[in-house]
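Colleague: Dropping a structure here in structure tokens format, bear with me for questions.
The values are calculated or read from the model by the stated rules, or taken from the named source; none is laboratory data. Quick caveat, the model's predicted, so the values are computed rather than measured. Because the Cβ atoms are built from the backbone with ideal geometry, glycine has one as well, and the counts that use them run over all protein chains shown. Note: accessible area is taken over every heavy atom of the protein model, side chains too, but ligands, DNA and RNA are not part of it. Shrake-Rupley method; radii C 1.70, N 1.55, O 1.52, S 1.80 Å.
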Amino acid sequence: MDGNFGLDLNAAFQHIGKAQTFSIFFPTLRRALVVDMRHAPGEGPLVRVMPMARSASERLRTLKRMRPHLPRASEIVAIPWPAYVNNLVSSGVWEKILARIDESGSTDARHAIDNALDELRRIERHEIAALIRGEQYETIWAKQD
């Protein structure tokens, strides 16, 4: 997997295992899986599929607006994922995310991460179908008669 898409899985595993906030973004889907492991009494980690942000600082501002009662996150790790969604599972990355969520003990976060995978798969299927039908895409080089 490392050579195919330039993914450094070991670095991804390390970041997912340690970062308070991280985002795995899918350029082809224009979406990101955002995970904020910070928590407060009565509120567990946040897990959400969101539109891609233009920058890390924009994503941090979004998190501050979504979770104003928590201190501002100081950083977010952004992990690009140019491969298929199911490659998250087959590469072991998804297992690492699940383990991190399970460590929190939050059943809500566990349900959210399961739903996020379903949502990402659904978005990807829709994008592939649009590609096949020619929706939202244009031919760069057309055959000349």
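Colleague: Please give the FRET efficiency for ILE132 paired with ARG54, using the beta carbon to beta carbon distance and R0 = 35 Å, rounded to the nearest 0.05. Can you show the working numbers first?
Modeller: Numbers: r = 29 Å, r/R0 = 0.83.
It comes out at approximately 0.75.
Colleague: To continue, here is another question. Of the beta bridges DSSP finds with both residues in the chain, what % are antiparallel, to the nearest 5? Spell out each step's value before the answer.
Modeller: Numbers: 13 of 17 bridges.
The antiparallel fraction comes to roughly 75 percent.
Colleague: So, one more: Write out the trypsin sites (Lys or Arg not before Pro) in the range 57-91 meeting two conditions: DSSP loop, and at most 15 other Cβ atoms within 10 Å of their Cβ.
Modeller: Values: sites: ARG59, ARG61, LYS64, ARG65, ARG72; in loops: ARG72.
In loop regions of the range 57-91 (DSSP not H, G, I, E or B), the sparsely surrounded trypsin sites (Lys or Arg not before Pro) are ARG72.
Colleague: Using +1 at the C-beta of Lys and Arg and -1 at the C-beta of Asp and Glu, which of MET66, SER104, LEU46 has the Cα lying farthest in the positive direction of the dipole of the chain?
Modeller: MET66
Colleague: With no solvent and one point on each alpha carbon, what is the Debye value of log10 I(q)/I(0) for the chain at q = 0.12, 0.13, 0.15 Å⁻¹?
Modeller: -0.53, -0.61, -0.79
Colleague: Let me ask another. Measure off, as a whole percent, the carbon and sulfur share of the 1.4 Å-probe accessible area of the range 1-143, all protein chains present.
Modeller: 52 percent
Colleague: When only C-alpha pairs under 8 Å and at least 6 residues apart count, what is the relative contact order of the chain, in percent? Show your work: numbers first, answer last.
Modeller: Values: 170 pairs, mean separation 36.5, N = 145.
For the chain, the relative contact order is 25 percent.
Colleague: Here's a follow-up. What FRET efficiency comes out for the pair VAL89/HIS69, r = Cβ-Cβ distance, R0 = 30 Å, nearest 0.05? Let's see the in-between values first.
Modeller: On the way: r = 33 Å, r/R0 = 1.11.
Computed FRET efficiency for VAL89 and HIS69 comes out at 0.35.
Colleague: Now for a separate question. Any idea of the accessible area per residue across the range 25-145, 1.4 Å probe, to the nearest Å²?
Modeller: On the way: 7640 Å² over 121 residues.
On a per-residue basis, 63 Å².
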